[in-house]
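Right, one structure below, let's go through it.
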Amino acid sequence: MTVPLVDLEPWFHGSLKDRLKVADQIDRALQDSGFLLVTGHGVAKSLREDTRRQARRFFGLPGETKQRYAVSVGGRGWLPPGVEANAYAEGTETPPDLKESYSVGADAAVGIPEIDDFWFAPNVWPAEVPFLEATAVEYMARMRRLSDELLTIFAVALRLPENHFIAHTRHPTYTFNINWYPPMTVVGQPDNGQFRIGPHTDFGTVTVLDREAGVGGLQVFTKDGRWENAPYHPDAFTINIGDLMARWTGDRWRSTRHRVLPPHASAPDEDLVSLIFFYETDHDARITSLGPPIGKTNYPEVIAADYLKEKLDAITVT
């Protein structure tokens, strides 16, 4: 299996030897695949289910109601069908992705308007789904804690001080996208080259995905150039790193291409909801590559916000 399963339980409750074993498993996974599944993460299944349940209530609202919350990529609110094509980030022009999203994120302002307006804008919550806010806020808090724990494991995996990465996540930017992949009965036959999410890499440090199994599901691009269905485990989160973390590790770890297949005629009523937490760093973090012997490449230093904004602009359909 290209995407391995790692149990985090020994990291949280084991000996130093147990913790190092978990860290080494993750190091191998990120070198080989860029993706892994994790169990033993301590996030209650009920929170994941509640978040998905509230999201489905929103996506089930009439289009004219959802339109009140419509935004473009990078905004806080509803991303309607047709506004995003992730394959654009690779320079590939494709039809828009077959999805809708509700997007929220970090909203603790730093007091600089031009920074706050983009990275820490106030979250918008639909009045028609009154419990979405409390559920999503709790979910984001849990995801931030888990992401910082993963970044700590990452540092140990590289035999660096435990705070090597989280020293740059004291006031981090992050985005929580709740993606709805409508059924074929709603969107019709996909166009040629159209996906629920087109081929792309993620942009930040670490992505934590809670997904549902489906025919039109997640695929990962392997080292030998094949698209492979990502394995599914009901208790696991799917974890991958983004371009910023690959750069940070001097390409020791892979920011791996992935895509979500379009709805398929064999399951015309299949609709899926994915909960995707994209974690980054402090907006002003200076990201300096870990060159040899840890990494392979010494990249020039970048400011996290500048690097990420350029990536986000690339996937916006204009």
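A short reminder: the numbers here are calculations on the coordinates, not readings from a lab. Just so we're clear, the structure is a prediction, and the values are computed from it rather than from any experiment. All Cβ positions, even for glycine, are placed from backbone atoms using ideal geometry, and neighbour counts span all protein chains on display.
Any idea what angle helix 45-59 forms with the longest principal axis of the chain, computed on alpha-carbon atoms, 0 to 90 degrees, nearest 10?
With both axes taken from Cα atoms, the answer is about 30 degrees.
State to the nearest 20 debye the size of the charge dipole of segment 39-166 about its Cα centre, where the only charges are +1 on K and R beta carbons and -1 on D and E beta carbons.
Computed about the Cα centre, the dipole is about 560 debye.
In the chain, with Lys and Arg counted as +1 and Asp and Glu as -1 at Cβ, which of these residues, PRO95, ALA314, LEU16, has the Cα nearest the positive end of the dipole, that is, farthest along it?
The Cα lying farthest towards the positive end belongs to LEU16.
Only Cα pairs under 8 Å and at least 6 apart count here; give the relative contact order of segment 16-134 as a rounded whole percent.
Averaging sequence separation for qualifying contacts and normalising by length gives 19 percent for segment 16-134.
Please state the relative contact order of the chain as a whole percent: Cα pairs under 8 Å, 6+ residues apart? Present the calculation step by step, with values, prior to reporting the outcome.
Numbers: 659 pairs, mean separation 70.8, N = 318.
This gives 22 percent for the chain.
For segment 20-64, just say rounded, prolate or oblate: build the C-alpha gyration tensor, square-root its eigenvalues into a ≥ b ≥ c, call rounded for a/c under 1.5, and beyond that prolate if a/b exceeds b/c, oblate if not.
oblate
To test your reading of the geometry: what angle, between 0 and 90 degrees and rounded to tens, separates the Cα axis of helix 132-157 from the longest principal axis of the chain?
Here the helix axis deviates by roughly 30 degrees.
Give me the angle, in degrees from 0 to 90, between the Cα long axis of helix 16-32 and the longest principal axis of the Cα atoms of the chain, rounded to the nearest 10.
60
Quick one: if you stick a label point 7 Å off each Cα along the C-beta vector at HIS264 and ARG226, how many nm between them?
It works out to 1.6 nm between the two label points.
Once you sort the root eigenvalues of the Cα gyration tensor of segment 101-216 as a ≥ b ≥ c, which label holds: rounded (a/c under 1.5), prolate (a/b larger than b/c) or oblate (the other case)? Please list the in-between numbers first.
Values: a/c = 2.04, a/b = 1.38, b/c = 1.48.
Since a/c reaches 1.5 but b/c is at least a/b, the shape of segment 101-216 is classed as oblate.
Calculated from DSSP H runs of 4 or more alone, at -39500 (n - 2.57) each and per residue, what is the 222 nm mean residue ellipticity of the chain, nearest 500?
Result for the chain: -9000 deg cm²/dmol, rounded to the nearest 500.
Please give me, ordered by residue number, the GluC sites (Glu not before Pro) of segment 177-270 that lie in loop per DSSP and have at most 16 other Cβ atoms within 10 Å.
GLU212
Pairs LYS45/LYS99; LYS21/LYS311; LYS21/LYS45: which are spaced more than 31 Å apart, C-alpha to C-alpha?
LYS21/LYS311
In debye, nearest 20, what is the charge dipole magnitude of the chain about its Cα centre with +1 on Lys and Arg Cβ and -1 on Asp and Glu Cβ, if you could check? Provide the component values of the computation, followed by the final result.
On the way: 32 positive and 43 negative charges, 125 e Å.
So the dipole magnitude of the chain works out to roughly 600 debye.
Taking the chain as a Gaussian network, where each spring joins two C-alpha atoms under 10 Å apart, which residue of LEU16, LEU290, LEU30 fluctuates the most?
Result: LEU16 has the largest fluctuation of those listed.
How many angstrom separate the Cα center of segment 39-66 from the Cα center of segment 98-143?
Each part reduced to its Cα centre gives a spacing of 14 Å.
Taking the chain as a Gaussian network, Cα atoms linked when under 10 Å apart, which of ASP269, ASP107, ASP32 shows the biggest mean-square fluctuation?
Its mean-square fluctuation being the largest, the pick is ASP269.
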